[in-house]
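First up is the structure itself, then whatever we jot down about it.
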Amino acid sequence: MRVGLGYDIHPLGNGRKLILGGIEIPHGQGLVGHSDADALVHAVCDAMLGAMGEGDLGRHYPSSDPRYKNISSLLLLEEVSGLLGKKGYRLVNLDTVIIAQAPRLGPHLAAMQARIAEVLKVERELINVKVKSGEGLDDAIGREEAIAAQAVCLIELIKS
């Protein structure tokens, strides 16, 4: 068995859709980045890549590559999941947390869980998505300027 840890943060900006966990969240601003900037899915990808010893998302999908401009992070997750299978691993479980002052994400967590499970082709019960606020503290998250996410996953070797 192997454990992987992922983290991502993106600033909020005008003129972008807010995509988290592969779903669109109604909000006046969206996350800014080269891709769709889905911080949750990026953290999940990094956790899975880390567990496999495969570096991070930027190594596989560099922001300098125009092929990934505005790409759906779910496509990247699908590719990372494919690599997991090719290397002979399966996901045991995934636990995630989104850190955001706004918007209120509680009503969207089940949809994020379902979407991530669907892309990974696993049962929903293997995926956990939760949210914490910035508690209004004086940082980019507390000032509603950014959203961050963390993920940890456990994988096991099923074939060598």
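Based on what the data block shows, is ALA149 free of Cβ contacts under 8 Å to residues at least 12 places away in the same chain, closer than 19 Å to GLU24 by Cα, in contact with an Asp or Glu (Cβ under 7 Å, 6 or more places away or on another chain) and crowded, with 16+ Cβ neighbours inside 10 Å?
When the stated conditions are applied, ALA149 does not pass them.
Suppose the filter is touching a residue at least 12 places away in the same chain (Cβ under 8 Å) and of a type in the set (Asp, Glu); does GLU144 pass it?
Against the criterion (touching a residue at least 12 places away in the same chain (Cβ under 8 Å) and of a type in the set (Asp, Glu)), GLU144 qualifies.
On the basis of being closer than 23 Å to ASP56 by Cβ, loosely packed, with under 14 Cβ neighbours inside 10 Å and of a type in the set (Lys, Arg), does LYS121 make the cut?
The answer is yes for LYS121.
Can you pull out every residue in segment 5-34 that is in contact with a helix residue (DSSP H, G or I) (Cβ under 8 Å, 6 or more places away or on another chain) and farther than 14 Å from ALA149 by Cβ?
Hit for segment 5-34 is HIS34, nothing else.
Rule-based calculations on the coordinates, nothing more; no lab input. None of these values were measured; they are calculated from a predicted model. FYI the Cβ positions are ideal-geometry reconstructions off the backbone, even for glycines, and counts take in every protein chain you see.
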